[in-house]
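The values are calculated or read from the model by the stated rules, or taken from the named source; none is laboratory data. This is a predicted model, so every value here is computed, not measured. Here Cβ is always computed from backbone atoms with ideal geometry, including for glycine, and neighbour counts include all displayed protein chains. Note: areas computed on protein heavy atoms with side chains; ligands, DNA, RNA excluded. Shrake-Rupley method; radii C 1.70, N 1.55, O 1.52, S 1.80 Å.
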Amino acid sequence: MVTTFNVKAQEFEPAKDFGSEFGITGMFGKEGIDGNNSAYFGFTGAYFYDLKNGLRVGINRYYNFSGAEYAYTLPIYFAHRTKSSRSNEPFVFDTFGEFLLQLFTHIIPGRAEFNAGPVIGYFKSTNQTISNGYKLTNPVYLAANAKLRLTFQIWRFNLGGNFGASYVPSKNFYLVSPDPVFNGNRTSWSLEIGAFLSFSFD
């Protein structure tokens, strides 16, 4: 029965998906200086016109960037994904936890998806005087993003995680600090890590 389930799951290659995701984003400038971090929650959907290549769009809301009351971003990605498959590697493990992980990857089909494209957005300033922290200097957000999504497929549900990196030419935040080494640092890139749950359909 498990074998039959896996074969059906591997044969199922849907063209569309829609779901939600959450995670944390950190915006950074100079190396060694603390970034400006925020949790986010969003929705994302994709259409794969040849089942491998397609378009993924979404909307994310950010909650606690220093210097911003809230923020919204709209990612627009070219998406390329691998075919759904299970691991065929031999079992090699030292702990019970490693055994469970390998058992999971052998039973549940998975895939990788690569995203790349622009992200536009808007930051709402707190309008507060900041003496030590990040200050919003540009409410319009522009970024070039690359992201990796790793998915486990259970029937039509997709559970996974993602990791992304962005170059941010809009340099939205300026660090105000009494330390002259830190003062004036502008955020010019960001890192993002998250988890998602989506539903696939034709």
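Among the listed residues Arg81, Arg61, which satisfies the condition of being buried (at least 20 other Cβ atoms within 10 Å of the Cβ) and basic (Lys, Arg)?
The match here is Arg81.
All but one of (1) open to solvent by 70 Å² or more (accessible area, probe 1.4 Å); (2) closer than 20 Å to Leu150 by Cα hold for Tyr40, so report the exception by its number.
Looking at each condition in turn, Tyr40 falls short on (1).
Can you find even one residue in segment 142-164 that is open to solvent by less than 60 Å² (accessible area, probe 1.4 Å), in a strand (DSSP E or B) and more than 26 Å from Gly42 (Cα to Cα)?
So far as segment 142-164 goes, no, none of its residues is open to solvent by less than 60 Å² (accessible area, probe 1.4 Å), in a strand (DSSP E or B) and more than 26 Å from Gly42 (Cα to Cα).
Out of curiosity, is Ser125 of a type in the set (S, T, N, Q) and within 19 Å of Asn172 (Cα to Cα)?
When the stated conditions are applied, Ser125 passes them.
Would you point out the residue of segment 12-27, among those that are buried (at least 16 other Cβ atoms within 10 Å of the Cβ) and under 11 Å from the mean Cα position of the chain (by Cα), that is farthest from Gly110 (Cα to Cα)?
Filtering segment 12-27 for residues that are buried (at least 16 other Cβ atoms within 10 Å of the Cβ) and under 11 Å from the mean Cα position of the chain (by Cα), the one farthest from Gly110 (Cα to Cα) comes out as Thr25.
Working only within segment 31-44, note down all residues that are touching a Leu at 6+ places or on another chain (Cβ under 9 Å) and in contact (Cβ under 8 Å) with a residue 60 or more places away in the chain.
Correct list: Ile33, Gly35, Asn36.
Among the residues of segment 87-96, are any more than 17 Å from the chain's Cα centre (by Cα), open to solvent by less than 60 Å² (accessible area, probe 1.4 Å) and touching a residue at least 24 places away in the same chain (Cβ under 8 Å)?
No, segment 87-96 contains no residue that is more than 17 Å from the chain's Cα centre (by Cα), open to solvent by less than 60 Å² (accessible area, probe 1.4 Å) and touching a residue at least 24 places away in the same chain (Cβ under 8 Å).
Are there any pairs with C-beta distances below 6 angstrom linking a residue in segment 121-142 that is over 15 Å from Leu74 (Cα atoms) to a residue that is in a loop (DSSP other than H, G, I, E, B) and not small (Gly, Ala, Ser), with the two at least 6 apart or on different chains, and if so which?
Correct list of pairs: Asn138/Asn172.
How many of the residues in segment 118-135 are modelled with pLDDT under 95, open to solvent by 20 Å² or more (accessible area, probe 1.4 Å) and not β-branched (Val, Ile, Thr)?
Within segment 118-135, residues that are modelled with pLDDT under 95, open to solvent by 20 Å² or more (accessible area, probe 1.4 Å) and not β-branched (Val, Ile, Thr) number 6.
Does segment 133-140 contain at least one residue that is in contact with a Lys or Arg (Cβ under 7 Å, 6 or more places away or on another chain) and in a strand (DSSP E or B)?
no
Restricting to segment 59-78, name every residue that is within 17 Å of Asn145 (Cα to Cα) and of a type outside the set (A, V, I, L, M).
Answer for segment 59-78, where residues must be within 17 Å of Asn145 (Cα to Cα) and of a type outside the set (A, V, I, L, M): Asn60, Arg61, Tyr62, Tyr72, Thr73, Pro75, Tyr77, Phe78.
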